[in-house]
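A.B. asks: Questions regarding the structure given below will be posed in turn.
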Number of protein chains: 4
Amino acid sequence: LAESKTKVIKGELVLLLGEESILTRADGKLHTRFGVLDLEKELEWGEEVKTHIGKSFRVAKPYLVDFLMKRGIKRKTQVLYPKDLSLILAYTTPPPDALIVDCGLGSGFSSMFLAHYCPQGKIVAYERDRENIKLALENIKKWGFENIEIKERDIFEGVDERDADLFILDMKGAEDAVKIAKESLKIGGWLAVCSPYVEQMMACVERMRELGFLEMKTVENLVREWDVRKFGHTLPQRWGNIHTVFITIGRRG
Amino acid sequence: LAESKTKVIKGELVLLLGEESILTRADGKLHTRFGVLDLEKELEWGEEVKTHIGKSFRVAKPYLVDFLMKRGIKRKTQVLYPKDLSLILAYTTPPPDALIVDCGLGSGFSSMFLAHYCPQGKIVAYERDRENIKLALENIKKWGFENIEIKERDIFEGVDERDADLFILDMKGAEDAVKIAKESLKIGGWLAVCSPYVEQMMACVERMRELGFLEMKTVENLVREWDVRKFGHTLPQRWGNIHTVFITIGRRG
Amino acid sequence: LAESKTKVIKGELVLLLGEESILTRADGKLHTRFGVLDLEKELEWGEEVKTHIGKSFRVAKPYLVDFLMKRGIKRKTQVLYPKDLSLILAYTTPPPDALIVDCGLGSGFSSMFLAHYCPQGKIVAYERDRENIKLALENIKKWGFENIEIKERDIFEGVDERDADLFILDMKGAEDAVKIAKESLKIGGWLAVCSPYVEQMMACVERMRELGFLEMKTVENLVREWDVRKFGHTLPQRWGNIHTVFITIGRRG
Amino acid sequence: LAESKTKVIKGELVLLLGEESILTRADGKLHTRFGVLDLEKELEWGEEVKTHIGKSFRVAKPYLVDFLMKRGIKRKTQVLYPKDLSLILAYTTPPPDALIVDCGLGSGFSSMFLAHYCPQGKIVAYERDRENIKLALENIKKWGFENIEIKERDIFEGVDERDADLFILDMKGAEDAVKIAKESLKIGGWLAVCSPYVEQMMACVERMRELGFLEMKTVENLVREWDVRKFGHTLPQRWGNIHTVFITIGRRG
């Protein structure tokens, strides 16, 4: 049993850990800018492998963050940032078996992130665009998620889910979907709206207030990276991202 | 079966949802500033209850955030903020069955937060202070977590866990525990250090670099709340929290 | 001549510099929480003086910032922060002989700040409230400004000044005064609008765009103080001011 | 007299104000990407001029900000930002006749900014690098400043000035120049240190504390620009500058 744990299955996703880590499938020859790696042979988790010119990597189990951030997934459009999705987790704490409705799907980034943290629950994502659905399905399958369901439908036609724990609105026209979200949520369940624009944020807040949402809160979230590479020269990075979305949270009253 | 789902079990934690929601046990008479509520009688999830002077609440299933933020838990010391804990989730994505080592325990806040998102995993928390342990155990039991283990031990004596996915250092002297963390982590597993002070942050980064940690990153995380209560008068809150901790992330090479 | 420079004139404003500096007039007995100081006697700039219980202060020439921030002035309402006023200086650089129109006056804080940096110029401030004018005149006289003129008039009745270099709008209904500002400015002269609220900021921007203002720019300005009192424990202050006003700048086309 | 005021002197700096304003000398033919402008002929302030293909500009008096930010000056190295220099003005308020020592000179940016706001005062700038001095002199002459003096000397050899109101340290090794700054300042005069790095900032604070500086304060200053170009789509800019320098202020005790 222990042995089966340590062997890498042919074709499985592996992270080749090194100065510049690589996410890939355990299969075939891999051409890297540090030389060629033989991934045909049987591999073990934690093992050291070397390219033909001697550069070594460790075979590590990839984390979801490797998959999402190291080109594991394909994206077409801008996605919510992990920092914003995780802030929604912080403020709403959906339980492991949560029912979450995610509008819209996009490339599946947010659905996958949420599915990861609600492993006994279910994420239902609505999306009209077939290309997006195709892309997302590919991404979902690649990582092996089994708790994401995609419905090819315009959310304004209504959603089927009732008693949802969390409803994510990250789409144009979010303000017009607040009522649909409310009806889908359980009493005390959470709506989270992600708006890049201040006008959309205000319109959603207004709509949520009219519909009796409680414990409302709007935040923005600025993550500033520091450069700590050279001692005596520690400083915040000079340039960086300073806006993604306004996040509005509220719960069905 | 459906019925058993909708009935509230005597003594269970309930959230009385209203303009000012209250977290309490479904038991006895509750004196609120809006009058007295009878929680002796059988309750159903979603039901409306009224105080003797007619103020109504909805009986809702509490989320972890209600428990953590609405006086469900007892705290002695400053705890990590949800925004910081969730950012660690965003950057390290421990799997549902993760093994996480949490130093130190404090009132159990961070262990409970992590346990919630790794329901099939295990959080092992180290703590020397018996008072803290007593407090944390009370909190853990109250919510019913079954995947948190507490070890009454000075972390500098070493930890038992091997192949950990995530190791949290949120303690004085963190820089001296980096080596212990490394040995406990699996290849590719993550260390997250939370330091209020810039000197501690720099010392930890230096130590992590010496020990070959990869994909290192130090961030601070500023959440700014907006005041959207009165239209025409929307603005960021004038005063607020502008620093909690520097978070340093890295993974075992 | 040198001597006359070094003597403090009776009744002049002096800064008693110490661990807790005090701004006062060089006159009479001063009761401080460190004992009584004799300011009757002749004083020299830079001289050390002692209270009756031996606490020493240095007699220093006060800077404007001492006057503005150490209770030299009387205020009734919230004033623009030095950080915001100085940012307007940074972006518009009025020349030493600038003509500046300041609406509204309030307690005179912003007019005094601007007058200080345009010593050969003139600040004309509009204000309807007599109480404010009285207060401001007292403040202005106390410091001795000679280049501030106050007009008791509703700005919506129009302003007399033409060819102004800088026009400050820091008042309710600023959006309705943009046209008046434009007509008062010289070609290439600057309008600076300070709005606490995002709606007002947006309304002003829209109006400025309609009226052909150029080089428009809206910013907010976050000053974060650091706590560097105890080495090994350096950190940004945990709580602080995170919003004052949105500043919109543009110039007459 | 009025006429002489309105005529542009041949060779004078003018700002051609338009959608994309241009700073230039009133002389010769100017080739712009909107066509050729004739600046040979006599011009009047405020006049409209047109390129040979009909694009029109207004002839405006340039402000210092035009000179500093529209390629009026030549720079070799990174300069302090206007937002940081103006914050120093906000916290120290040097009087119009202030004596300011500026180390180091660089391209003269900060000396010129300060000279502008202290027109009856004097800025003395120290610089060892002859290339920098040449560059700065060119810039200073171009705008016509008469209150900036440059001394070609290593500041560690000491400075001549006494009773300075403000001493700026914006250089490597600032911590070793704090004593020299102190001796140059008047009682109650201000030292302002600009440090990109946290270690330098801390070293300067420590040195200043040892030397008895008072009213010490360290800040960082984040200016976030908003994008208000399209209504319904108002948002903070997504990417931008998030660090320049830590500014430490203190006054001689």
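A.B. asks: What is the stretch A:115-167 by shape, rounded, prolate or oblate, if you read a ≥ b ≥ c off the alpha carbon gyration tensor as root eigenvalues and call it rounded for a/c under 1.5, prolate for a/b larger than b/c, and oblate otherwise?
C.D. replies: Oblate shape, in that a/c is at least 1.5 and b/c is the bigger or equal ratio.
A.B. asks: Per the helix-only calculation at 222 nm, which mean residue ellipticity applies to chain D, given -39500 (n - 2.57) for every DSSP H run of n ≥ 4 and division by its residues, nearest 500 deg cm²/dmol?
C.D. replies: Computed ellipticity for chain D at 222 nm equals -7500 deg cm²/dmol.
A.B. asks: Also: Tell me which lysines have Cα within less than 17 Å of A:Lys74's Cα, excluding those fewer than 8 residues away on the same chain?
C.D. replies: Result set, ordered by chain and number: A:Lys134, A:Lys141, A:Lys142.
A.B. asks: I'd like the GluC sites (Glu not before Pro) in the stretch A:1-69 restricted to DSSP loop residues with at most 11 other Cβ atoms within 10 Å, sorted by number.
C.D. replies: For GluC sites (Glu not before Pro) across the stretch A:1-69 that sit outside H, G, I, E and B with at most 11 neighbouring Cβ atoms in 10 Å, the list reads A:Glu19, A:Glu42.
A.B. asks: Could you work out how far helix D:198-210 tilts from the main Cα principal axis of chain D, as a 0 to 90 degree angle to the nearest 10?
C.D. replies: 50
A.B. asks: Here's something else I'd like to know. Rounded, prolate or oblate: which fits the stretch B:116-253 when a ≥ b ≥ c are the square roots of the eigenvalues of the alpha-carbon gyration tensor, with rounded for a/c under 1.5 and prolate only if a/b beats b/c?
C.D. replies: Verdict is oblate for the stretch B:116-253.
A.B. asks: Report the residue, chosen from B:Ile148, B:Ile22, B:Ile88, that carries the largest GNM mean-square fluctuation when chain B is represented by alpha-carbon nodes joined by springs under 10 Å.
C.D. replies: It is B:Ile22.
A.B. asks: Determine one quarter of the surface area of the Cα convex hull of chain B, which equals its mean projected area, and express it in nm² to one decimal.
C.D. replies: If you wrap the Cα atoms of chain B in a convex hull and average its projections, you get 16.8 nm².
A.B. asks: Here's a follow-up. Provide D:Phe167, C:Phe109, C:Phe67 in ascending order of the number of other Cβ atoms located within 10 Å of each residue's Cβ, fewest first.
C.D. replies: C:Phe67, C:Phe109, D:Phe167
A.B. asks: Given Cβ point charges of +1 (Lys, Arg) and -1 (Asp, Glu) and nothing else, what value in debye, to the nearest 20, does the dipole of the stretch A:44-202 about its Cα centre take?
C.D. replies: Rounded to the nearest 20 debye, it is 720 debye.
A.B. asks: Tell me, in nm to one decimal, what length is gained between C:Asp154 and C:Lys141 on full extension, where the rule is 0.36 nm per residue of separation less the Cα-Cα distance?
C.D. replies: So the extension gain works out to 2.4 nm.
A.B. asks: Sorting C:Cys204, C:Cys194 on the 10 Å Cβ count, fewest up front, what's the list?
C.D. replies: Ascending number of Cβ neighbours within 10 Å: C:Cys194, C:Cys204.
A.B. asks: Related question: On average, how many beta carbons from a partner chain sit within 10 Å of the beta carbon of a residue in C:237-247?
C.D. replies: Neighbouring Cβ atoms belonging to other protein chains average 5 per residue here.
A.B. asks: Name the long-range amide H neighbours of A:Trp226: under 5 Å, sequence gap of 5 or more, or other chain; modelled H, no Pro or chain starts.
C.D. replies: A:Gln237, B:Thr218, B:Val219, B:Glu220
A.B. asks: Over 19 Å apart: what share of the alpha carbon pairs of the stretch C:73-168 falls there, rounded to a whole percent?
C.D. replies: So the portion of pairs separated by more than 19 Å is 35 percent.
A.B. asks: How far, in nm to one decimal, is D:Arg209 from itself in the other copies if the label point is set 7 angstrom along Cα toward Cβ? Shortest first, please.
C.D. replies: 2.5, 4.6, 5.0
A.B. asks: Mind sorting B:Met69, D:Met201 by how few other Cβ atoms lie within 10 Å of their own Cβ, fewest first?
C.D. replies: Taking fewest neighbouring Cβ atoms as first place, the list is B:Met69, D:Met201.
A.B. asks: Here is a follow-up. About the Cα centre of the stretch D:155-253, what is the dipole size in debye to 20, counting +1 per Lys and Arg Cβ and -1 per Asp and Glu Cβ, all else neutral?
C.D. replies: Computed charge dipole of the stretch D:155-253: roughly 480 debye.
A.B. asks: Can I ask one more? Give me the one-decimal nm value for the distance between modelled label points at C:Phe231 and A:Arg25, 7 Å along each residue's Cα-to-Cβ direction.
C.D. replies: The answer from the label model is 5.8 nm.
A.B. asks: Do you know the relative contact order of chain D, to the nearest whole percent, from alpha carbon pairs under 8 angstrom that are 6+ apart?
C.D. replies: Relative contact order, chain D: 13 percent.
A.B. asks: At a Cα cut-off below 12 Å, give the aspartates and glutamates reachable from B:Lys186, other chains included and same-chain residues fewer than 8 away excluded.
C.D. replies: A:Glu47, B:Glu161, B:Asp163, B:Asp165
A.B. asks: Compute the helix-to-body angle for D:82-92: its Cα long axis versus the longest principal axis of chain D, expressed 0 to 90° and rounded to tens.
C.D. replies: Compared with the principal axis, the helix lies near 50 degrees.
A.B. asks: A follow-up question, please. Just the projected area, averaged over all directions, of the convex hull on the alpha carbon atoms of the stretch A:33-126: how many nm²?
C.D. replies: 8.3
A.B. asks: A further question follows. For peptide A:90-102, what's the mean number of Cβ atoms from other chains within 10 Å of each residue's Cβ?
C.D. replies: Across A:90-102, the average partner-chain Cβ count within 10 Å equals 4.
A.B. asks: How far is A:His52 from the same spot in each other copy, in nm, shortest first, if each label point sits 7 Å from Cα toward Cβ?
C.D. replies: Reported distances to equivalent positions: 6.2, 8.7, 9.5 nm.
A.B. asks: In whole Å, what is the distance between the alpha-carbon centres of the stretch B:34-59 and the stretch B:67-138?
C.D. replies: Here the answer is 32 Å between Cα centres.
A.B. asks: Same structure, new question: Give, rounded to the nearest 20 debye, the magnitude of the charge dipole that the stretch C:91-158 has about its Cα centre when Lys and Arg contribute +1 at Cβ and Asp and Glu contribute -1 at Cβ.
C.D. replies: 140
A.B. asks: Something else about it: Distance from the Cα centre of the stretch C:209-223 to that of the stretch D:151-185, in angstrom?
C.D. replies: So the separation of the two Cα centres works out to 37 Å.
A.B. asks: Considering every pair of different Cα atoms, what Kirkwood radius, in Å, is found for the protein assembly as shown?
C.D. replies: Over the protein assembly as shown, the inverse of the mean reciprocal pair distance is 32.2 Å.
A.B. asks: Suppose you put the label 7 Å out from Cα in the Cβ direction; list, shortest first and in nm with one decimal, how far D:Arg33 is from each other copy's label.
C.D. replies: Relative to the other copies, D:Arg33 has label-point distances of 3.1, 6.1, 6.1 nm.
Bear in mind these aren't lab numbers, they're just calculated from the coordinates by the rules spelled out. Keep in mind that what you see is a predicted model, and the values were worked out from it rather than measured. Using ideal geometry, Cβ is built from the backbone for each residue, glycine included, and neighbour counts are taken over all protein chains shown.
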